[in-house]
Amino acid sequence: MSHIDVGVIGAGWCGGIRAAAAASSALVGSLHVAEIDHARLAQVAESTAAATATSDYRELLAITSIDAVMISATPETTHYPMARDALEAGKHVLLEKPIALTLEEADELIDLAKRRGLKFTIGYSQRFNAKQALAKRSLEDGTLGEPVSALVSRHITRRLGDKISSRIKLSPAAMEATHDIDFLLWCLEPARPVRVYAQAVERLMKPKHGVADCMWIVITMDSGVVVTVGAGWILPPAYPNFSSTWIEVVGTEGALLMDASHRDIVLTTMRDGTVFPLSTMPGEALGHTYAGPMERETTHFLEAVAHDRPVLVTPVQARRAMEVYLAADLSAERNQPVSLPLDQEEAERALAASVRA
Ligand SMILES: NC(=O)c1ccc[n+]([C@@H]2O[C@H](COP(=O)([O-])OP(=O)(O)OC[C@H]3O[C@@H](n4cnc5c(N)ncnc54)[C@H](O)[C@@H]3O)[C@@H](O)[C@H]2O)c1
C-alpha cells in the first residue's frame, strides 16, 4: 500500500478533526502539524502522535517528504497566502472554504494547481452528508424528473455567529450560505447560475460585529430552475443544537423533503438541560465511529492523493459558489438582481459589500 505524509496547518476546531482523521488513516505515513497557539499545538501533536509540530507553517511546507496539506487556519485572510505557498511548495491541498477572498486570488490558485499538476480541493463538507448525497443521486438518476426548484434554509446559533463574526467581517452569504450554494449548484449541474437576488436583515449583529443577521438569496439557473438559500446566525443561545436545516428539492416527477436539523436525538440532563446532540456541521468523533461529514471528506482527500483519484469538490466549483455569494452581497447592497458572470468592477464592489454586509 502507498503511504503519504500529510500536514495540517491551523489545528483549531476543523484542523483538529482533519488531524485526527489523518492520524487514524491507514494511508498516512506521518502527520505534521503547524499551529500558532502553543497550547493547542501541543495538545493536537500529542493526541495525533505527530511526527513534527511547529508554530511556523513555512517550516512544515519545507519538509520535502510531505505530499499533502490541509489548511484549516483562521481568519480567512490566511487561506489564499497559505494555499499559494503550499501549492508553490509542490503539496496537494485541501483548503477550508472560502477558497480565497477575491476571484483573482481564486483564479491564481486554480491556475497554480493546474500548472503544477496538484490536487486542490475546498472544504465544502456538506456534500459528504448522506442526505445531501441522496439529493444529488435523486436528481442524477431521474427519480425526481426534471428539477424545478431547490431550497435550503439554515440557521446556526448566535454562539457560532459571534465566533465567526468576531474574526472576520464576512457576510452570512460568504460564511454560511456558501455551503448550501455549493451543494445546490452541484446538484443541479450542468445548469449554471445566471442571476442572483438577495436581501439582508441587519438588527442584532450589525452594532456588535458589523454584519447582517441573515440573508435570503434567490438564484436563477440557465435551465430556469429557481434556487433559494436562507442563512441566519442568530438563533438564541438557549437553542439546543448548532444548526437547524431544512432542504427541499422539487422536480417534475417528485420531491425530496429533508429535515437536517438533528432534532431526532434528545439528550436531557440535570446539569445541562435539553440538547440535540451530533448537530455540528463538520460532525464529531464518537469513539470508534464519526457522526457527520468531515472525517469522510478528509479521507476522500487522502485517498485522492494516495491513489491519484479526482477530488469531489473542484476549485472551479468553489470559485463558482464564491461568485454567487459575492453577487448575493452586491444584490443585497444594491437592492437589485445581479447578473452573472460578474465583471471586474462588479466583483470589486461585491467584495466591498461582502466584507461590510
Ligand atoms: N466545513 C465545515 O463544516 C466548516 C465548519 C466550520 C469552519 N469551517 C472553515 O474552517 C476554517 C477553520 O475554522 P475553525 O472553526 O476550525 O477555526 P478555529 O478558529 O477553531 O481554528 C483556526 C486555527 O488556526 C490557527 N492559526 C491562525 N493563524 C495560523 C497560522 N499562521 N499558522 C498556523 N495556525 C494558525 C488558530 O490559532 C486556530 O487554532 C474556517 O476558515 C471556516 O470557514 C468549515
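The values are calculated or read from the model by the stated rules, or taken from the named source; none is laboratory data. If you're wondering where the values come from, they're calculated on a predicted model, not measured in any experiment. Note that we place each Cβ from the backbone using ideal geometry, even for glycine, and neighbour counts take in every protein chain shown. For accessibility, only protein heavy atoms count, side chains too; no ligands or nucleic acids. Shrake-Rupley method; radii C 1.70, N 1.55, O 1.52, S 1.80 Å.
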Completion exercise
Every listed condition ((1) closer than 20 Å to GLY90 by Cα; (2) assigned to a loop (DSSP other than H, G, I, E, B); (3) near the ligand (Cβ under 7 Å from one of its atoms); (4) not basic (Lys, Arg)) holds for HIS79 save (2)
Practice task
Working carefully through the options ARG159, ARG137, find the one that is part of a helix (DSSP H, G or I), more than 28 Å from THR299 (Cβ to Cβ) and charged (D, E, K, R).
Solution key: ARG159
Exercise for the section: Considering only residues that are among the hydroxyl-bearing types (Ser, Thr, Tyr) and part of a loop (DSSP other than H, G, I, E, B), look in segment 165-187 and name the one that is farthest from THR74 (Cα to Cα). Expected result: SER171
Handout entry: Residue selected from segment 191-239 under the condition open to solvent by 60 Å² or more (accessible area, probe 1.4 Å) and among the acidic types (Asp, Glu), by the criterion nearest to LYS163 (Cα to Cα)
Key = GLU202
Completion exercise
Per the filter on segment 142-158, residues within 12 Å of the ligand (Cβ to nearest atom) and modelled with pLDDT under 95 are ILE156
Practice task
Evaluate segment 137-145: report whether one residue or more is more than 17 Å from the chain's Cα centre (by Cα) and within 20 Å of THR280 (Cα to Cα).
Solution key: no
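Conditions tested, residue by residue: (1) in contact (Cβ under 8 Å) with a residue 12 or more places away in the chain; (2) within 13 Å of the ligand (Cβ to nearest atom); (3) among the charged types (D, E, K, R).
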site: LEU160; (1), (2), (3): yes, yes, no
site: ASP180; (1), (2), (3): yes, yes, yes
site: PHE183; (1), (2), (3): yes, yes, no
site: ALA198; (1), (2), (3): yes, no, no
site: GLU202; (1), (2), (3): no, no, yes
site: MET205; (1), (2), (3): yes, no, no
site: LYS208; (1), (2), (3): yes, no, yes
Handout entry: Flag for ALA106 being over 20 Å from PRO282 (Cβ atoms), modelled with pLDDT of 95 or more and open to solvent by less than 50 Å² (accessible area, probe 1.4 Å)
Key = yes
Handout entry: segment 84-98, subset within 15 Å of the chain's Cα centre (by Cα) and within 12 Å of the ligand (Cβ to nearest atom), residue farthest from VAL324 (Cα to Cα)
Key = LEU94
Completion exercise
Of the listed residues (MET258, MET294), the one being at pLDDT 95 or above and closer than 27 Å to ALA20 by Cβ is MET294
Exercise for the section: Go through segment 82-100 and give me each residue that's surrounded by fewer than 24 Cβ atoms within 10 Å (Cβ to Cβ) and in a loop (DSSP other than H, G, I, E, B). Expected result: ALA89, GLY90, LYS97
